[in-house]
Amino acid sequence: MKLQNILVDIIYPPKCYNCHKNLHLGTRPLLCENCKVKISAYTKKCARCGNEFRLKEGVLVCDTCHSRRHPFDGVISAYFYKEGIRDTIVSHKFQFASNHSPFLATEISNCILDFISEFTQMPDGIVYIPSHKKRLRDRGYDSLLEIAEIVSYNTNLPILDNLIIRHKHVPQQSKMSLSARMRNVRGSFKVTDKSLVKGKSIILFDDVYTSGATTRECAKVLKRAGAKYILIATVAISSRFMR
């Protein structure tokens, strides 16, 4: 229990982000035990398909996602995208609520550390899904970078800057169908220098995995450039993947 957390909590009494129940001073992350169990998505199984991971060439892979059908080797997420977590991510992303960054970064950092503890070859670093410069201008800040920087600090994995850029501006796709989302993001990403990607083991980081269209497109471009391994790690994943 950190003293700084207790001091902050004396001024701003902690409440569960999900159900708003009062919490003990110093509680981190800000979730009650009931909500942790209720919305936790991390089980050491692939969050996308539910299959067990196995060790292959020093890293854990999901056999389904590692197949030719998917340009990534598995998906892990901290939470299901529902209830208070959804509201917290939305306000962080669209309403400049940067005070949510530490909370959103804490549990996925723990999941990444737990997951890679079984690796014999550590990942080279974190690549977060880049936003187009126009969207960054419109929002005024890079909400995902704020979370990624904390995850990088917590896990001691460097952010691999400038490996990939989003060179095509596309409409918001939250209300699009899956097929429309896939078309919407096609051709959006570009690797800046293939020599920086070749042979790399990458944690591809995003805030939410819903349809998987964006992360899939980004992973596809990285794999084509020679990335050896890509694990998608997100703060939350759509509740349709609940089993």
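Would a scan of the stretch 213-227 turn up a residue that is in contact (Cβ under 8 Å) with a residue 40 or more places away in the chain, surrounded by 20 or more Cβ atoms within 10 Å (Cβ to Cβ), assigned to a strand (DSSP E or B) and not hydroxyl-bearing (Ser, Thr, Tyr)? So far as the stretch 213-227 goes, no, none of its residues is in contact (Cβ under 8 Å) with a residue 40 or more places away in the chain, surrounded by 20 or more Cβ atoms within 10 Å (Cβ to Cβ), assigned to a strand (DSSP E or B) and not hydroxyl-bearing (Ser, Thr, Tyr).
When Thr64 is tested against (1) under 20 Å from Leu144 (Cα atoms); (2) surrounded by 14 or more Cβ atoms within 10 Å (Cβ to Cβ); (3) among the hydroxyl-bearing types (Ser, Thr, Tyr), just one condition goes unmet, and that condition is (1). The set of residues from the stretch 189-212 being over 24 Å from Ile85 (Cβ atoms), within 19 Å of the chain's Cα centre (by Cα) and crowded, with 20+ Cβ neighbours inside 10 Å comprises Phe189, Ser201, Ile202. The listed residues are Ile230, Ile237, and the only one of them that is buried (at least 21 other Cβ atoms within 10 Å of the Cβ) and within 12 Å of the chain's Cα centre (by Cα) turns out to be Ile237.
Mind checking whether some residue in the stretch 4-25 is modelled with pLDDT of 90 or more and of a type in the set (A, V, I, L, M)? No - not one qualifying residue is present in the stretch 4-25. Number of residues in the stretch 59-109 that are of a type in the set (D, E, K, R) and part of a loop (DSSP other than H, G, I, E, B) equals 5. Whether a residue is surrounded by fewer than 20 Cβ atoms within 10 Å (Cβ to Cβ) and under 26 Å from Tyr153 (Cα atoms) was assessed, and Arg69 does not pass this test.
Hey, does the stretch 125-137 have a residue that's surrounded by 15 or more Cβ atoms within 10 Å (Cβ to Cβ), part of a helix (DSSP H, G or I), among the aliphatic types (A, V, I, L, M) and modelled with pLDDT under 90? Scanning the stretch 125-137, I find at least one residue that is surrounded by 15 or more Cβ atoms within 10 Å (Cβ to Cβ), part of a helix (DSSP H, G or I), among the aliphatic types (A, V, I, L, M) and modelled with pLDDT under 90, so the answer is yes.
For the stretch 32-58, taking the residues that are among the polar types (S, T, N, Q) and part of a loop (DSSP other than H, G, I, E, B), the one that is surrounded by the most Cβ atoms within 10 Å (Cβ to Cβ) is identified as Asn51.
Within the stretch 72-89, the residues that satisfy the criterion of being under 14 Å from the mean Cα position of the chain (by Cα) and over 25 Å from Phe53 (Cα atoms) are Ile85, Arg86, Ile89. Would you please name the residue that is nearest to Tyr209 (Cα to Cα), looking only at residues in the stretch 110-124 that are of a type in the set (A, V, I, L, M) and part of a helix (DSSP H, G or I)? Across the stretch 110-124, the extreme among qualifying residues is Ile112.
So, in the stretch 91-104, of the ones that are more than 10 Å from Asp207 (Cβ to Cβ) and touching a residue at least 12 places away in the same chain (Cβ under 8 Å), which residue ends up surrounded by the most Cβ atoms within 10 Å (Cβ to Cβ)? Residue satisfying both the conditions and the ranking: His100. Filtering the stretch 193-205 for residues that are polar (S, T, N, Q), within 11 Å of Leu163 (Cα to Cα), modelled with pLDDT of 90 or more and assigned to a loop (DSSP other than H, G, I, E, B) leaves an empty set. Per the conditions (1) in a strand (DSSP E or B); (2) under 19 Å from Leu104 (Cα atoms), the sole criterion not satisfied by Tyr17 is (1).
The values are calculated or read from the model by the stated rules, or taken from the named source; none is laboratory data. Bear in mind the structure is a predicted one, so any value in this text is a computation, not a measurement. Note that we place each Cβ from the backbone using ideal geometry, even for glycine, and neighbour counts take in every protein chain shown.
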